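Asks: One structure is given below, represented as structure tokens, and several questions about it will come after.
The values are calculated or read from the model by the stated rules, or taken from the named source; none is laboratory data. If you're wondering where the values come from, they're calculated on a predicted model, not measured in any experiment. Cβ coordinates were reconstructed from backbone atoms using ideal geometry, including for glycine residues, and neighbour counts include every protein chain displayed.
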Amino acid sequence: MIRKETLLSWPMIAFMVLFFISPLLLLAGISLRGEDGSWGLGNFAAFLSDPFARGVLTGTLALGAKVTFFVSLAALPLVMLYWHAGKLLRGLILICTLLPMLTANVVRTFAWVVLLGRNGPISQTLLGLGLTERPFSLLFSETGLIIALVQIELPLLLLPVFAVLNRADRKTLEAAEVLGAGRWRAWFSAIFPQIIPAVLAGWVLVFASATTSYVTQSVIGGARLIYLPQFVYREVGVLFQWPMAAAISILLLASTGVIMLGLTMLARHERLQGHA
Amino acid sequence: MADTGLQISNVDHSYEDKQVLHNVNFDVPDGKVVALLGPSGCGKSTILRAIAGLITPDRGRISLQGRDLTKVQVRNRKLGMVFQNFALFSHMTVAENVAYGLAHLPRQERKERVARLLELVRLTAFANRFPPSLSGGQQQRVAVARALATDPSALLMDEPFGALDRALRAELQSELVRMQDDVGITTVMVTHDQEEAQAVAGQLVVMNEGRVEQVGSPEEIYDHPASLFVNGFIGHANQQHATVTGAGRLKTAGGAEIAMNRTLNYLPGAEVIVTSRPEDLSLSLTEQPGAIAARFDRAVVMGRFLTIDATLPDGTAIKAQVLRDGGARPGKGDAIWLIPDTSRLHVFPGNNQIN
């Protein structure tokens, strides 16, 4: 039964089926194909029984978790600032948040290569302050990668939260204050619950984006820090193991998918219904 | 200064360049309900927010039981407040909402307190529900219970019935009066609805354009309005331009000569506005001395009464409410005469516009 109202969405649905759903199904199909031409879960078993590969999988998920955690940490003061800011400052914060997004991910990544390098400002400043004895490089380390990813993914968390803060209900905050709550308790019981759905949405975006950011991972992480996207690339581009690459992609999709599903379910919690 | 009740003295406040409160003064005696009444934008909510401490007035003093509140922070004022849209915490259950202000109490005492308050507002069965799943009236009762839970020294209510439909409002108003009798808490309520103010409060503070126009009981304000604004705002008031012709004598713009039964504090020749309540006019189909000539427009039956709409010769509308009798009713455009009860006419200076 085709309803008139849905007619306009049909081109998009057709496009998605043709260029997203079907390749994905194709990918799933390929992943089930063994080296000897047989069908089965052999590729998955091979991947999961290889300790190195398992390490890459858990390392990738851990990277996503760490980046999400530090993005939240970095976002909190900005969210607080945005909440207390007047109209002008809010506009300024918003522009500063959006501006980096107008630059390509590759450009931002290479900017971080300069900043994190041995002769970059971070190393030189710490050296000048006498906090370190010799220049150091944060490149090719997970610390450096996390720093870069936090900056790159930060807007994905900030933007949905800012959108909610713009129309947040201040009366509840006043009610909390009249009831004797201190500033922090009042904020966390009146405003924070309103932004939780936006925070969960932001976490989904940050996590998915951090675990799959091939460019940043490979440029800043280098050849020694391997995450799943590079692993897939190696299987395809170097080893020409298409079925294995497909299996790894499906695993990456499934593991991030499960986490995203979990966060989405959390947003549907009864306690959050008033803020949807 | 007395050490009881809530006292508002000489409060001024401005938002940016606009002064919204002009020298506001009124007292709320201990345990009494006072309603701040006025049209929207008259500053009544601003005064309530100043009492709560949500804004700091530019000048003036707010004291409660002799304690100056002006410098006390919001959270230390120990007041209860019910907000217009109730401002409940929608991620907390009804019981958690009520317990919010009781964080300092030991668990057991807190539980007992919450149970007692939920009983007071008859919501015990809803303790574990979340506010979005409750009706407007139930949410309002949660807000009241939450505000009363901390045992505040005064209760502030900002349009507490504004978000409810009409039928529910009357029910909750009498509920509030019942609860007020039980608890006996000093209460300030903001409303733009005069019926609501009269139903709940023993004392009204009528405000207009940031000024207090009159403070008094509903009877005082209805029977002896201090200004033309109060006269027109509380109940209906017919207004007519008139000129003072002698001691206690007026001539209206329409030509009616009215002899008041009292002297007026106006010099002969002064321009005044004379006002009458619809129920203080009686209808006559023949010319009478002291009667106001008008043209009949329509009559509406209101139970035992007949509400008559008529037009004065100068085009001003006039309303009269008379007891229905079996007599003939005039037709549209007929000449009628309205006889005022001169003891209940009010006279105000005429230099302001009729509105």
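Asks: Across the range B:283-298, what is the total count of residues that are touching a Ser or Thr at 6+ places or on another chain (Cβ under 8 Å) and buried (at least 19 other Cβ atoms within 10 Å of the Cβ)?
Replies: 3
Asks: Could you grab the pairs with beta carbons closer than 8 Å, sequence gap of 6+ or different chains, first residue in the range B:100-118 and outside the structural domain of residue B:152 (by the TED database) and touching a residue at least 12 places away in the same chain (Cβ under 8 Å), second one surrounded by 11 or more Cβ atoms within 10 Å (Cβ to Cβ) and among the aromatic types (Phe, Trp, Tyr)?
Replies: Note: no pairs meet the criteria.
Asks: When the range B:77-95 is examined, which residues are found to be free of Cβ contacts under 8 Å to residues at least 40 places away in the same chain and facing another protein chain (nearest Cβ under 7 Å)?
Replies: Matches in the range B:77-95: B:91 only.
Asks: Look at residue B:143 and say whether it is more than 23 Å from residue B:48 (Cα to Cα) and assigned by the TED database to the domain that holds residue B:91.
Replies: In short, no.
Asks: Would you confirm whether any residue within the range A:194-203 is of a type in the set (Gly, Ala, Ser) and not in a helix (DSSP H, G or I)?
Replies: No: zero hits.
Asks: Next question. May I ask you to list the residues in the range A:218-244 that are over 17 Å from residue A:52 (Cβ atoms) and of a type in the set (S, T, N, Q)?
Replies: A:218 - this is the single residue of the range A:218-244 that is over 17 Å from residue A:52 (Cβ atoms) and of a type in the set (S, T, N, Q).
Asks: In addition: Scan (1) closer than 15 Å to residue B:140 by Cα; (2) surrounded by fewer than 21 Cβ atoms within 10 Å (Cβ to Cβ) for the single condition residue B:117 breaks and write down its number.
Replies: (2)
Asks: Out of the range B:50-69, which residues are touching a helix residue (DSSP H, G or I) at 6+ places or on another chain (Cβ under 9 Å) and free of Cβ contacts under 8 Å to residues at least 24 places away in the same chain?
Replies: B:54, B:56, B:69
Let's see how each residue does on (1) without any contact (Cβ under 8 Å) to a residue 40 or more places away in the chain; (2) of a type in the set (D, E, K, R); (3) within 14 Å of chain B (Cβ to nearest Cβ):
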residue	(1), (2), (3)
A:178	yes, no, yes
A:196	no, no, yes
A:207	no, no, no
A:211	no, no, no
A:215	no, no, no
A:225	no, no, no
A:231	no, no, no
A:250	no, no, no
A:265	yes, no, no
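To keep it simple, each residue is scored yes or no on (1) modelled with pLDDT of 95 or more; (2) within 14 Å of chain A (Cβ to nearest Cβ); (3) under 26 Å from residue A:269 (Cβ atoms).
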| site | (1), (2), (3) |
| --- | --- |
| B:119 | no, no, no |
| B:135 | no, no, yes |
| B:150 | no, yes, no |
| B:164 | no, no, no |
| B:198 | no, no, no |
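One line per residue, one yes/no per condition, for (1) of a type in the set (Val, Ile, Thr); (2) free of Cβ contacts under 8 Å to residues at least 12 places away in the same chain; (3) surrounded by fewer than 21 Cβ atoms within 10 Å (Cβ to Cβ):
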{"position": "B:176", "(1), (2), (3)": "no, no, no"}
{"position": "B:192", "(1), (2), (3)": "no, no, yes"}
{"position": "B:221", "(1), (2), (3)": "yes, no, no"}
{"position": "B:229", "(1), (2), (3)": "no, no, no"}
{"position": "B:235", "(1), (2), (3)": "no, no, yes"}
{"position": "B:241", "(1), (2), (3)": "no, no, yes"}
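Asks: While we're looking at this one, here's another question. Do the conditions hold for residue B:104, that is, is it within 11 Å of chain A (Cβ to nearest Cβ), surrounded by 21 or more Cβ atoms within 10 Å (Cβ to Cβ) and outside any helix (DSSP H, G or I)?
Replies: Judged against the criteria, residue B:104 is not a match.
Asks: Which residue is farthest from residue A:187 (Cα to Cα), if the candidates are limited to the range A:36-77 and must be modelled with pLDDT of 90 or more and in contact with a Ser or Thr (Cβ under 8 Å, 6 or more places away or on another chain)?
Replies: Selected residue: A:44.
Asks: Counting only residues that are small (Gly, Ala, Ser), buried (at least 21 other Cβ atoms within 10 Å of the Cβ) and in contact (Cβ under 8 Å) with a residue 24 or more places away in the chain, which one in the range A:136-176 is nearest to the other protein chains (Cβ to nearest Cβ)?
Replies: Out of the qualifying residues, it is A:148.
Asks: Would you call residue B:126 away from chain A (no Cβ under 14 Å), among the hydrophobic types (A, V, I, L, M, F, W, C) and either more than 25 Å from residue A:168 (Cβ to Cβ) or surrounded by 21 or more Cβ atoms within 10 Å (Cβ to Cβ) (or both)?
Replies: yes
Asks: Have a look at B:252, B:286, B:245, B:263 and point out the one that is more than 30 Å from residue B:35 (Cβ to Cβ), modelled with pLDDT under 85 and of a type outside the set (A, V, I, L, M).
Replies: From the options B:252, B:286, B:245, B:263, the qualifying one is B:263.
Asks: Separate question: For residues in the range B:27-76 being assigned to a helix (DSSP H, G or I) and basic (Lys, Arg), which is nearest to the other protein chains (Cβ to nearest Cβ)?
Replies: Selected residue: B:75.
For every residue, the table says whether it meets (1) within 26 Å of residue B:220 (Cβ to Cβ); (2) over 33 Å from the mean Cα position of the chain (by Cα); (3) surrounded by 14 or more Cβ atoms within 10 Å (Cβ to Cβ).
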site	(1), (2), (3)
B:246	no, yes, no
B:268	no, yes, no
B:281	yes, no, yes
B:341	yes, no, no
